[in-house]
Amino acid sequence: MEVEVGVTKAFPLGRWVHQQRKALRAGELEDRRKTLLDAPAAGMVWEPGEETWEAKLAALRSYRRATGHLAPRQDAMWGEDDEMVPIGQYMANLRRKGAKNGLGKNEDTATSRAAQLAAIDKDWNCPWPLDWQRHHRVLADLVDADGALPDIAPGVLMDGDDIGKWLQQQKQPTTWARLLPEQQERLSTLGVEPAQAPTPAPAASRAGRGPSKTQQAFQRGLAALTQWVEREGAHRPVPRAHGEEIAVKGEAQPVVVKLGVWITNTKTRRNKLSQEQLAALAKLGADWAK
C-alpha cells in the first residue's frame, strides 16, 4: 500500500508517537528508527515538555530581536493576532527563585535551559527588577543610535514608559545609593551621574574642531534613512529593531546604524533640531519633521 507522507487521516498519530517515546525509554527502539525520527524532516520531540519549551524560546527570541531586551512588563503579550503569548508572565515565571521557576525540576534540564536563555540575552536573569532593565536598555539604545544621551524631560514616554521621570529618579542621591555597583556603572557608562556630582565645565568652542558626536550621529542616521528610502520607499515604516549598514569615510568596515531607534529618538527631540535637519528629514518622507 502506498502511503502519502503527511497524511494522518484515520491514523492515531498521537498514540503512535507515545509508543515511540515509550520504546525509547525502555531501550527497545532500534537505532535505525531513532535515526529516522531524529532527522529534521521528522522533527520528533522525545519529551513533550521540550516542545512547549521550544515554542517559548521562539517567542522570547522574537521579542528580544524586536525590543533589544528580555524585560517585558508582566502583563505584556507578544505574537501575531490569534497567536499572542503572555511573554511577560513567561519571564516572571522563569525568574522565580528555587524549584518553582519555569526552567524545570530536573537540575540538568534547568541548567541547559538557563544557558539557552543566556544565549538570547545575558541579562535575562539580572539581579535587579525587569522594569529597571527595560528602562536602561531604552537609554542604551538611544546612546548607541545618537552618540550621546539626549535631554529627556519627565513626561517623555518611550514604549509606554515615562523614561524622563525614571531617569530623574535614578539621579536622586537616595535612589543612586540603593543601586547595585553594576547598575551605577551601567548608568555612568551612558553619561548618567547622581545629582550631587559637579556639573562639567562648559565645553570649549567647537570652532574648527569638526562636528560633535551628536552631529556625526545625526549625519549617519540621515545617511541610513536615505539608503532605506532609496531601497524600500518613503512610505514603508522602519521597524524599531532594524539596523542599516552604511559606508562611513575613514571606516574600513560598514557601520551599522540602529535606524529604528534613531528615528524614535530624533522624533522625541524634534524641537531641538535645526531647520536644515528638519528639512532633510522631511525630504525623506518624515511627515513629523515638516
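The values are calculated or read from the model by the stated rules, or taken from the named source; none is laboratory data. If you're wondering where the values come from, they're calculated on a predicted model, not measured in any experiment. Please note: Cβ atoms are built from the backbone with ideal geometry, for glycine as well, and neighbour counts cover all protein chains shown. Remember, those area values only see protein heavy atoms, side chains included, never the ligands or the DNA or RNA. Shrake-Rupley method; radii C 1.70, N 1.55, O 1.52, S 1.80 Å.
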Suppose we filter GLU182, GLU230 for residues that are modelled with pLDDT of 85 or more and either open to solvent by 20 Å² or more (accessible area, probe 1.4 Å) or over 20 Å from the mean Cα position of the chain (by Cα) (or both); which single one remains?
GLU182
Could you list, in sequence order, the residues of the range 157-178 that are open to solvent by less than 20 Å² (accessible area, probe 1.4 Å), without any contact (Cβ under 8 Å) to a residue 60 or more places away in the chain and not in a helix (DSSP H, G or I)?
ASP161
Residue satisfying condition, being at pLDDT below 85 and open to solvent by less than 100 Å² (accessible area, probe 1.4 Å), within set LEU273, LEU281:
LEU273
Apart from one, (1) assigned to a loop (DSSP other than H, G, I, E, B); (2) free of Cβ contacts under 8 Å to residues at least 40 places away in the same chain; (3) of a type in the set (Lys, Arg) all hold for ARG240; the odd one out is (2)
Which members of the range 256-268 meet the condition of being farther than 19 Å from HIS135 by Cα and open to solvent by 30 Å² or more (accessible area, probe 1.4 Å)?
VAL256
Among the candidates VAL85, VAL156, which residue alone is under 29 Å from LEU222 (Cβ atoms) and β-branched (Val, Ile, Thr)?
VAL156
Residue pairs, Cβ under 8 Å, 6 or more apart or interchain, first in the range 226-237 and within 9 Å of GLY285 (Cα to Cα), second open to solvent by less than 70 Å² (accessible area, probe 1.4 Å). List them.
VAL229/LEU284; VAL229/GLY285; ALA234/LEU284; ALA234/GLY285; HIS235/GLY285
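Being over 27 Å from ASP162 (Cβ atoms) and in a loop (DSSP other than H, G, I, E, B) is the filter here; which residues of the range 94-107 pass it?
Within the range 94-107, ARG96, LYS97, ASN101, GLY102, LEU103, GLY104, LYS105, ASN106 meet the criteria.
Residue by residue through the range 108-156, note down the ones that are among the aromatic types (Phe, Trp, Tyr) and assigned to a helix (DSSP H, G or I).
Correct list: TRP132 only.
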Mind checking whether some residue in the range 12-31 is under 39 Å from the mean Cα position of the chain (by Cα), surrounded by 13 or more Cβ atoms within 10 Å (Cβ to Cβ), more than 25 Å from PRO127 (Cα to Cα) and modelled with pLDDT of 75 or more?
no
Report, by residue number, each residue of the range 47-93 that is free of Cβ contacts under 8 Å to residues at least 40 places away in the same chain, outside any helix (DSSP H, G or I), closer than 16 Å to ASP159 by Cβ and open to solvent by less than 50 Å² (accessible area, probe 1.4 Å).
ALA76
